[in-house]
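The values are calculated or read from the model by the stated rules, or taken from the named source; none is laboratory data. If you're wondering where the values come from, they're calculated on a predicted model, not measured in any experiment. Backbone-built Cβ (ideal geometry, glycine too); neighbour counts: all protein chains shown. Accessible surface is based on the protein model in full, side chains and every heavy atom, while ligands, DNA and RNA are left aside. Shrake-Rupley method; radii C 1.70, N 1.55, O 1.52, S 1.80 Å.
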Amino acid sequence: MIQVQDLKKAFGANQVLDGISTDICQGEVVAIIGPSGSGKSTFLRSLNLLEVPTGGKILFEGTDITDPKVDINRHRQKIGMVFQQFNLFPHKTVKQNIMMAPVALKLMTKEEASKRADELLARVGLPDKANAYPDMLSGGQKQRIAIARSLAMNPDVMLFDEPTSALDPEMVGEVLELMKELAKSGMTMVVVTHEMGFAREVATRVLFIDDGKIQEQNSPKEFFENPKNPRLKEFLSKVL
Ligand code: ADP
Ligand code: MG
């Protein structure tokens, strides 16, 4: 689904991504871990061109989206993204937040989007919050709505950038549980996370990014039980 070939990104003299290559296949759940500032967000944001690479290629469903001639907005519709900060529109209700993109982009009629929003509200366990405003929700509820809003576009892949890092501890579980359900349903997911339990239990593959490169990638079992890269060993010894 996504082929990343020798991806590079520099901010001035700061070479943040220094040749990342990996393929993400349909149905995979790829967890990305690594130290703060190692380029995890930059990598994730590059996948839908929120950051423009300074080198290399990204093929999404066979199309080189780094080609300036490509209409990136068409591809972005297929790529859902969930951030640490939920980015819900505060002056719109929960349901309006979920309906907004598909209607604005004329992918659905209002009636279709409304029906889809109701389905998604049920799926994320918040059917009674349709008419609530984001301010009235807990952090965990806001993030579940942010996930529903991304799903409204029927994306082929969902990118998550530390989706539970801004949450109070007691709300982390409900969001991880929803993400686990999503993974079980077959959604292709790329998840930057500090939740090692989630990476171990739900991911099909775990990547360790440090120093602008993928230093190690493996099945969760091998990755956590038998890490080889010295930096990864050191990192795991601090976080586990
Ligand atoms: P991580 O998500 O792993 O913590 P980031 O991808 O956010 O790391 O950042 C990696 C490096 O890139 C950091 O040194 C950060 O300061 C730098 N960086 C990220 N975004 C920008 C930007 N828009 N302009 C300049 N430097 C940036
Ligand atoms: Mg980050």
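Take the cross-link list K78/K106; K69/K106; K8/K40; K115/K180 and give me the ones stretching past 18 Å between alpha-carbons.
Checking Cα-Cα distances, K69/K106; K115/K180 exceed 18 Å.
What does the charge count around R231 come to, taking other residues whose C-beta lies under 9 Å from its C-beta (Lys +1, Arg +1, Asp -1, Glu -1)?
Counting the neighbours of R231, the net charge comes to -3.
Round to a whole number: what % of the accessible area of the stretch 78-228 belongs to carbon and sulfur, probe 1.4 Å?
About 50 percent, which is the carbon plus sulfur part of the accessible surface.
Distances longer than 34 Å among the Cα atoms of the chain: what percent of all pairs is that? Can you show the working numbers first?
On the way: 4487 of 28680 pairs.
Summing the P(r) tail past 34 Å for the chain gives 16 percent.
Give me the net charge for the shell around V192: Cβ to Cβ below 11 angstrom, other residues only, Lys and Arg +1, Asp and Glu -1.
Residues close to V192 contribute a combined charge of -1.
List the aspartates and glutamates whose Cα sits under 16 Å from the Cα of K9, skipping any in the same chain fewer than 8 residues away.
Within reach: D18, E51, D67, D210, D211.
GNM, the chain, Cα, under 10 Å: largest mean-square fluctuation among P53, P220, P230?
Answer for the Gaussian network model of the chain: P230.
Step through the residues of the stretch 165-182 one at a time and calculate ³J(HN,Hα) from phi using the Karplus curve (6.51 cos²θ - 1.76 cosθ + 1.60, θ = phi - 60°), rounding each to whole Hz and writing x for Gly and Pro.
5, 9, 9, 4, x, 6, 9, 5, x, 5, 6, 4, 4, 5, 5, 5, 4, 4
Between F89 and K115, how many nm apart are label points set 7 Å from Cα along the C-beta direction?
2.3
Would you mind calculating the relative contact order of the stretch 117-240 from Cα pairs under 8 angstrom and at least 6 residues apart, reporting the percent as a whole number? Before the final figure, lay out the partial values.
Working: 108 pairs, mean separation 21.1, N = 124.
It comes to 17 percent, rounded to a whole number.
For the stretch 1-57, with only Lys/Arg (+1) and Asp/Glu (-1) charged at the beta-carbon, what is the dipole magnitude about the Cα centre, in debye rounded to 20?
Details: 5 positive and 5 negative charges, 33 e Å.
Computed charge dipole of the stretch 1-57: roughly 160 debye.
At 1.4 Å probe size, with every protein chain present, just tell me what the per residue accessible area of the chain comes to in Å².
47
Using the charge dipole of the stretch 1-64 (Lys, Arg: +1 at Cβ; Asp, Glu: -1 at Cβ; taken about the Cα centre), state which of S46, T63, N14 has its Cα farthest towards the positive end.
Of the listed residues, the answer is N14.
Kindly write out, for the stretch 228-233 in residue order, the coupling ³J(HN,Hα) from the Karplus curve 6.51 cos²θ - 1.76 cosθ + 1.60 (θ = phi - 60°), rounded to whole Hz, with x marking Gly and Pro.
These are the phi-based 3J(HN,Hα) values: 10, 5, x, 5, 5, 4 Hz.
Rounded, prolate or oblate, given the Cα gyration tensor of the stretch 1-97, with a/c below 1.5 counting as rounded?
prolate
Please give me the summed charge of the neighbours of I65: other residues whose Cβ is under 11 Å from its Cβ, Lys and Arg +1, Asp and Glu -1.
Values: positive: K57, K69, R74, R76, K78; negative: E61, D64, D67, D71.
Here the charged neighbours net out to +1.
To the nearest 0.05, what FRET efficiency results for T63 and K228 with a Förster distance of 35 Å applied to their C-beta separation?
0.50
Classify the stretch 119-195 as rounded, prolate or oblate from the Cα gyration tensor: take a ≥ b ≥ c as the square roots of its eigenvalues, call it rounded if a/c is under 1.5, otherwise prolate when a/b beats b/c and oblate if not. Numbers along the way, then the final one.
Values: a/c = 1.81, a/b = 1.14, b/c = 1.59.
Taking the square roots of the gyration eigenvalues as a ≥ b ≥ c, the stretch 119-195 is oblate.
Using a Förster radius of 35 Å, what is the FRET efficiency between Y133 and L107 based on their Cβ-Cβ separation? Nearest 0.05, please.
Calculated value: 0.90.
Name the residues whose placed amide hydrogens come within less than 5 Å of the amide hydrogen of I79, ignoring near sequence neighbours (fewer than 5 apart) on the same chain.
D156
Out of the DSSP beta bridges found with both residues in the stretch 90-240, what percent are antiparallel (nearest 5)?
Here the share of antiparallel DSSP bridges comes out near 50 percent.
Roughly how many nanometres apart are two label points built 7 Å out from the Cα toward the Cβ at S36 and F11?
Once both label points are built, they end up 1.4 nm from each other.
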